[in-house]
Amino acid sequence: ATGTIGHALVSKSPPDGYTLLIGSNSTFAIAPHLYKSLQYDNDAAFAPVGLLAISPQILSVHPSIPAKNVKELIALAKAKPDALVFSSAGPGSTSHLATELLMNLAGIKMIHVPYKGGGPSAQALLGGETMLSFVDVITALPFAKAGRLRPLAASTTKRSQMMPELPTIAESGLKGFESSTTFAAFAPAGTSKEIVARLNKDLTRALAAADVKEKLFNQGIETVGGSPEEFVAYIKAEIAKWGKVIREQGIKIE
């Protein structure tokens, strides 16, 4: 349920600092716009602790698709409306919404085929069942080297540390494009400011440790960090951005 079950559990937990939630933007920023009723109040049930890390996604196409960059992909989609088929990790996933954002900014239409997770979605692309997808960088890298998919651009505002030679989508002509899988820490609402500050301080110190950064990097995850206040501003921006995309693209969960 896009992480909402875990959010509901933590929302009912004691605010003592011992039960924490590792959430992603697919839940704290996207799910509230897609689900008619949640088992918690997304705006009031949690105390934001901090943004932990992000996982860039790579806009990738099957080698049979002639597009060599984002501009060529957009041109192809405009020349053949509704002919391109993209896969995602499921309705409301970041790979789904990233493609919807791409279509929204570029003014194009493509056909969505959702799968049950990022693995099956990537397999569909590799097998030629679909034509393009946003693939986690750790998955995209080896298949790009093997020539089994063609990477076009990174989804984040900065180039991926794992594939620095690849331009971002914003660099490729779609200004304002930014998407990634975000990992963040929350505590139940009512947790004291002192506990939130302590948790944020300890998490920030852990994220700065060389061995932690290396282990996460090897999984395609880039550490971020920051204060609870910075994270609150980030949450508001993410909720507003994805709400706009969902409304304008008419996205609904069946």
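The values are calculated or read from the model by the stated rules, or taken from the named source; none is laboratory data. Keep in mind it's a predicted model, so treat the numbers as computed, not measured. FYI the Cβ positions are ideal-geometry reconstructions off the backbone, even for glycines, and counts take in every protein chain you see. Just so you know, the surface numbers come from the protein's heavy atoms only, side chains and all, with ligands and any DNA or RNA stripped out. Shrake-Rupley method; radii C 1.70, N 1.55, O 1.52, S 1.80 Å.
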Output row, site Arg148, 7 Å Cα→C-beta label point, backbone N cut-off 17 Å, window region 107-140, residues 118-140
With all protein chains in place and a 1.4 Å probe, Arg159 shows an accessible area in Å² (nearest 10) of 100
Size of electric dipole in the chain: Cβ of Lys, Arg +1 and of Asp, Glu -1, about Cα centre, debye, nearest 20: 480
Scaled to the compact-protein estimate 2.2 N^0.38 Å, what is the alpha-carbon radius of gyration of region 1-121, rounded to two decimal places? 1.30
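Tell me, what is the FRET efficiency for Ala240 and Lys78 to the nearest 0.05, using R0 = 35 angstrom and their Cβ-Cβ distance as r?
E between Ala240 and Lys78, to the nearest 0.05, is 0.80.
Past the 16 angstrom mark, what percentage of all C-alpha to C-alpha distances in region 20-85 do you count?
For region 20-85, the fraction of Cα-Cα distances above 16 Å is 64 percent.
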Regarding region 178-236, what is the average projected area of its C-alpha convex hull, in nm²? 4.7
Which value, in Å² rounded to 10, gives the accessible area of Asp211 with a 1.4 Å probe and all protein chains present? 90
Most to least accessible of Tyr40, Tyr18 (protein chains only, probe 1.4 Å): Tyr18, Tyr40
When the accessible area of the chain is split by element with a 1.4 Å probe, what percent falls to carbon and sulfur? 57
Which whole number of Å³ per residue matches the convex hull of the alpha-carbon atoms in region 53-122? 101
Percent of all alpha-carbon pairs of region 139-194 at distances over 14 Å, whole number, is 65
The long-range amide H neighbours of Val49, using H built 1.01 Å from N in the peptide plane and a cut-off of under 5 Å, are Ala185, Phe186, Ala187
So, in Å, what gap is there between the alpha-carbon centers of region 190-228 and region 75-135? 32
Take each uninterrupted DSSP H stretch in the chain, measure its Cα extent along the helix axis, and return the ones at 30 Å or beyond whose mean Kyte-Doolittle hydropathy is at least -0.5. 228-249
Quick one: compute the contact order of region 146-254, relative version, from alpha carbon pairs under 8 angstrom and 6+ residues apart, as a percent. 15
Region 1-122 - percent relative contact order, Cα under 8 Å, separation 6 or more: 22
Would you mind listing how long region 162-204 runs along its three principal axes, going by Cα atoms, in whole Å with the largest first? 45, 20, 13
Accessible solvent surface per residue of the chain, calculated while the other protein chains remain in place, 1.4 angstrom probe, Å²: 48
Cross-link list Lys193/Lys252; Lys71/Lys158; Lys71/Lys213; Lys36/Lys158: which exceed 28 angstrom alpha carbon to alpha carbon? Lys193/Lys252; Lys71/Lys213; Lys36/Lys158
Under Stokes-Einstein, region 96-242 at 4 °C and 1.567 mPa s, with its Kirkwood radius over C-alpha pairs, diffuses with a coefficient in µm²/s of 74
Could you work out the relative contact order of the chain? I mean the mean sequence separation of Cα pairs under 8 Å and 6+ apart, divided by the number of residues, in percent. 33
